1. Would you check which residues across the stretch 9-44 are under 12 Å from Pro107 (Cα atoms) and not charged (D, E, K, R) and list them?
2. Return yes or no: is Leu40 buried (at least 19 other Cβ atoms within 10 Å of the Cβ), free of Cβ contacts under 8 Å to residues at least 60 places away in the same chain and either within 18 Å of Thr95 (Cβ to Cβ) or in contact with a helix residue (DSSP H, G or I) (Cβ under 8 Å, 6 or more places away or on another chain) (or both)?
3. In the stretch 44-96, which residue that is open to solvent by less than 60 Å² (accessible area, probe 1.4 Å), at pLDDT below 85 and of a type in the set (D, E, K, R) is farthest from Val197 (Cα to Cα)?
4. Tell me which of these Leu134 doesn't satisfy, since it passes every other one: (1) modelled with pLDDT under 90; (2) of a type in the set (A, V, I, L, M, F, W, C); (3) touching a strand residue (DSSP E or B) at 6+ places or on another chain (Cβ under 8 Å).
5. Answer yes or no as to whether Gly174 is in contact with a helix residue (DSSP H, G or I) (Cβ under 9 Å, 6 or more places away or on another chain), surrounded by fewer than 15 Cβ atoms within 10 Å (Cβ to Cβ) and over 17 Å from Gly96 (Cα atoms).
6. Only one of (1) of a type outside the set (Ser, Thr, Tyr); (2) surrounded by 17 or more Cβ atoms within 10 Å (Cβ to Cβ); (3) at pLDDT 90 or above fails for Asp162. Which number is that?
7. Quick one: in the stretch 97-126, of everything that is modelled with pLDDT of 75 or more and within 22 Å of Arg146 (Cα to Cα), which residue is surrounded by the fewest Cβ atoms within 10 Å (Cβ to Cβ)?
Amino acid sequence: MSTQRVLVVDDEPKIRMTVRGYLEADGFDVVEAADGPSALQAVTRDRPDLVVLDVMLPGLDGFQVLRRIREASQIPVIMLTARDEEVDRLIGFTTGSDDYVTKPFSPRELALRVRAILRRTDSRSEADHEDGVLRFDGLTVDPGTRTVLVDADRTVELSALDFDLLFAMARTPGRVFTRRGLLAQVWGDDFFGDERVVDVHIRTLRRALGDDAGAPRFVGTVRTIGYRFIGRPA
């Protein structure tokens, strides 16, 4: 198996050096960038398996960089920020980040998060070859090509994490998932963070599918518990 590559983007050299040291000690190949434009160049040039991306960057900020990345790629992204405000967290996840770490942070914990996300990505790729296409009234979910079709004529663009969330629920229609259960299935048992991240991704998933939370076709809310897939098999 080839060495996995991580791109670390931060304008503070000491942070890049520290994170690089921990990741290389864990066996990762590490490349660096100090600003937004350089980060985008590195994504194209170095083809990393995961990006650790600071929010406050010169040139383009981290959210702008993340949006540009998502236009062409679904590689996992962990956001770094010195601002622990809920609005930043929501913007980051809505844009398509996979995790969010607030400075000051433990480099050891960050390295564990990187490994956990890449392990989940590897497991997801293996599962894609085992599961068949799921077909419902108005919705088709194909894990092989990781595509989603709504009403037979609209292809929906989902982040890798939002696709995994939809697929996890659609595989067992009607089953009620708690937030913790979805975290375990989609994010992995070693997820660090707030369970409310599930609610944020459910909102972005519904928006992409055109699903009304008040009268849903596909993703239903189970009050005080969690969510379930309510699409009818075709």
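The values are calculated or read from the model by the stated rules, or taken from the named source; none is laboratory data. Since we're looking at a predicted model, the values are computed, not measured. Cβ atoms come from the backbone with ideal geometry, glycine included; neighbour counts cover every protein chain shown. Only protein heavy atoms, including side chains, enter the accessible area calculation; ligands, DNA and RNA are left aside. Shrake-Rupley method; radii C 1.70, N 1.55, O 1.52, S 1.80 Å.
1. Ile15, Met17, Thr18, Val19, Gly21, Tyr22, Leu23, Ala25
2. The answer is yes for Leu40.
3. Checking each candidate, the answer is Asp88.
4. Of the numbered conditions (1) modelled with pLDDT under 90; (2) of a type in the set (A, V, I, L, M, F, W, C); (3) touching a strand residue (DSSP E or B) at 6+ places or on another chain (Cβ under 8 Å), the odd one out for Leu134 is (1).
5. Numbers: in contact with a helix residue (DSSP H, G or I) (Cβ under 9 Å, 6 or more places away or on another chain): no; surrounded by fewer than 15 Cβ atoms within 10 Å (Cβ to Cβ): yes; over 17 Å from Gly96 (Cα atoms): yes.
Spelling it out, it is not the case that Gly174 is in contact with a helix residue (DSSP H, G or I) (Cβ under 9 Å, 6 or more places away or on another chain), surrounded by fewer than 15 Cβ atoms within 10 Å (Cβ to Cβ) and over 17 Å from Gly96 (Cα atoms).
6. For Asp162, the exception is condition (3).
7. We begin by selecting, within the stretch 97-126, every residue modelled with pLDDT of 75 or more; these are 97-119.
Cutting the leftovers down to within 22 Å of Arg146 (Cα to Cα) gives us 97-99, 116-119.
Working: Ser97: 25, Asp98: 23, Asp99: 24, Ala116: 17, Ile117: 22, Leu118: 16, Arg119: 12.
In this case the residue turns out to be Arg119.
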